[in-house]
Structures are given as C-alpha cells and as structure tokens.
C-alpha cells in the first residue's frame, strides 16, 4: 500500500466539478494540491472565491503546461470537451498521470466523437492508451493506467445497474429504454438563460432527446462488457429543479416469464457484494437521490412488471461526486495503490 503524498494539479478548478474535487482532495490524506487553475480567477486566493476553503493558502493561476509539469505528478482535468486534450497530450508525454473528467478520451471511435461532438477528435493517437475510469467495470485496467477517462455522470448511473443483469443473461440486449433526471449543476457553471432559477424552478423538461452526447459512451461500454455486436439504447435526459443528483430509470425486457423481484435483487446483490460504493435496495424499493447526496455511493433499486414482462431498474447518484469528482478520486486511489475508499468515506 502506497504511503506517499502525491503532488496534484487541478485544471479548471473553478467549476462545480472542480470545486467538489478541491474539497475531496483537501480532505484526502495522500493528495497534496500544488496547483489549481482558472483563467477567470487567476491571482485570487481560493478562500476569496470559495470561502469554505479559507483555511487553504492555495491561489488560482492561469493554466500553464510548464508550471503544472514542474509542480505535479498527477493532474485532474475538469474542462469541457475539446479542451482537455490541449493539456492532456503534453502532460501525458511528460510522464504525468492524467485523470480527465471531460469527454475527450471516453469514446474509442473518432467517428462517433465527430458525429456527436461535431468536430474532429483533437488527439486520436492517445485514444488507445486511455482507460475508461469506471472501477466497477475496469478496476484492473485502471490500476495500470497513465490516462484515465473518467465517465460521464449519466453513463455512471446507467452502466453500473446494467452490468449484473447483462452478465446474468436474464435480459434482452434489445429495446433498452432509459429515462434520466438530473439536477441543474449537471449542466456546468456557465451563464445560460435556460438555467436561471426562474427558468428551472417549478419546471421539468426533457432536452437533447435525440443524440445526447452520452449515448455512444453508454452503448460502447455495454457492448464491450456484454460482447454484443449491437446494443442500442433509447436515452432521454430531463432537467429537474434541484441543485445536484441524478435518478435514472431503466427498462429491460426479461427473457423469462414471471421472474421475481427477489431473483433480480439476488443478481444485483451478489455481483456488487464487495463493491464499497454500490448500495442495492430490497423489496422493490426505488433509488432516491436524497440518500446519496454528497457521497460517492450509487444506490440501485429494481422491480418487475409481469404485465409487460419488463424489469425496471432505478439508480441514484450525486452527479458531482460519484458522477464526477468522487469517481475520479476513486480511480486516483487505484492508480496509486491507495485504499480505494480513501478520502471518500
């Protein structure tokens, strides 16, 4: 077990994910934050921007490759798609461990990337080295990774509940339908009229109903896991008037008639018996975001409708923790051979 402190930089530290990552890192006994970047707040102390971190003497700086290389061994990148690669490529070449919380290295197909993100991939040569950072699926590969592509929040809430049932062969890989609901922080910290309080409060609305950018990511990982040629999901995201949290409801066709809830629960519970951050629910109880807020836990519930012969899964995560910063820390712990739960419980 590693007992060293790792000098760590956080690029794009002033967004919601960056703020959450700073909080987790400051409470992590083996992370030494040596550099936090923000173009907007460069030169300002972290306490002035986020008063809850007033005990820290960190100051935001403009992102600079040489400054980061000279002061860090590991880097968390919290930037929008298309921007992460600008820093990931040179820092990876210089031997730093990269944990990208953006979308640039999640997809293995450059065509899928250009189809869904609408421009060519900025660093295709690095895709073969990137490991998808979902510990519940890729724990062994993450341990030896130098570039970790941390999953999106929606994919985390969808892929984890599906893995046990796909392995069990109890469900069809066809006609998987997902309806997810996310708090407003999932859209990031940006000026956008549609995200103003008066626009979001007392309102629920779907968005990106066709072609949401997380769709190919989900399908890619499920196909790889199930060794299936074609898994296509129908995915509808919805914005709900809460600050944080994702609740996903997943509909699957059972290949057995009159399967019982206890059978489904048994599959989930057995598969995740030793997972520190997966909580499986009993007796048809649905997942609830209030039970996971500010934690790295994913909560999973299940049910069965005999009339339609459908299995219905529900999951809940905190989109900023298990859906982003917490999962990145979980991967960091695996890469550096720390206890996986370090800084997260």
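Given the criterion assigned to a strand (DSSP E or B), under 14 Å from residue 149 (Cβ atoms) and in the same structural domain as residue 12 (by TED's automatic domain parsing), identify the matching residue among 105, 76. Spell out how you get there, then give the answer.
Working: 105 fails: assigned to a strand (DSSP E or B).
Going through 105, 76 in turn, the sole match is 76.
Among the residues of the range 305-322, are any part of a strand (DSSP E or B), without any contact (Cβ under 8 Å) to a residue 60 or more places away in the chain and either farther than 28 Å from residue 147 by Cα or within 14 Å of the chain's Cα centre (by Cα) (or both)?
Just the residues of the range 305-322 that are part of a strand (DSSP E or B), to begin with: 305, 310-317.
Add one more test, that the residue is without any contact (Cβ under 8 Å) to a residue 60 or more places away in the chain, and what stays is 305, 310.
Next, only the ones that are either farther than 28 Å from residue 147 by Cα or within 14 Å of the chain's Cα centre (by Cα) (or both) stay: 305, 310.
Scanning the range 305-322, I find at least one residue that is part of a strand (DSSP E or B), without any contact (Cβ under 8 Å) to a residue 60 or more places away in the chain and either farther than 28 Å from residue 147 by Cα or within 14 Å of the chain's Cα centre (by Cα) (or both), so the answer is yes.
Would you confirm, using the coordinates I've provided, whether residue 136 is under 20 Å from the mean Cα position of the chain (by Cα), within 19 Å of residue 225 (Cα to Cα), crowded, with 17+ Cβ neighbours inside 10 Å and in contact (Cβ under 8 Å) with a residue 24 or more places away in the chain?
Working: under 20 Å from the mean Cα position of the chain (by Cα): yes; within 19 Å of residue 225 (Cα to Cα): yes; crowded, with 17+ Cβ neighbours inside 10 Å: yes; in contact (Cβ under 8 Å) with a residue 24 or more places away in the chain: yes.
The answer is yes for residue 136.
Assess whether residue 53 counts as being crowded, with 20+ Cβ neighbours inside 10 Å, touching a helix residue (DSSP H, G or I) at 6+ places or on another chain (Cβ under 8 Å) and in contact (Cβ under 8 Å) with a residue 12 or more places away in the chain.
Working: crowded, with 20+ Cβ neighbours inside 10 Å: no; touching a helix residue (DSSP H, G or I) at 6+ places or on another chain (Cβ under 8 Å): yes; in contact (Cβ under 8 Å) with a residue 12 or more places away in the chain: yes.
In short, no.
Test each condition in (1) in contact (Cβ under 8 Å) with a residue 40 or more places away in the chain; (2) out of contact with any strand residue (DSSP E or B) (no Cβ under 6 Å at 6 or more places or on another chain); (3) surrounded by fewer than 18 Cβ atoms within 10 Å (Cβ to Cβ) for residue 71 and report the one that comes out false.
(2)
Consider residue 345 against the criteria (1) outside the structural domain of residue 166 (by TED's automatic domain parsing); (2) modelled with pLDDT of 95 or more; (3) more than 30 Å from residue 199 (Cβ to Cβ): it satisfies all of them except one. Which criterion is unmet?
Result: residue 345 passes all but (2).
The values are calculated or read from the model by the stated rules, or taken from the named source; none is laboratory data. Remember, it's a predicted structure, so these values are computed and weren't measured experimentally. As a convention, Cβ positions derive from the backbone with ideal geometry for all residues, glycine included, and neighbour counts pool all protein chains shown.
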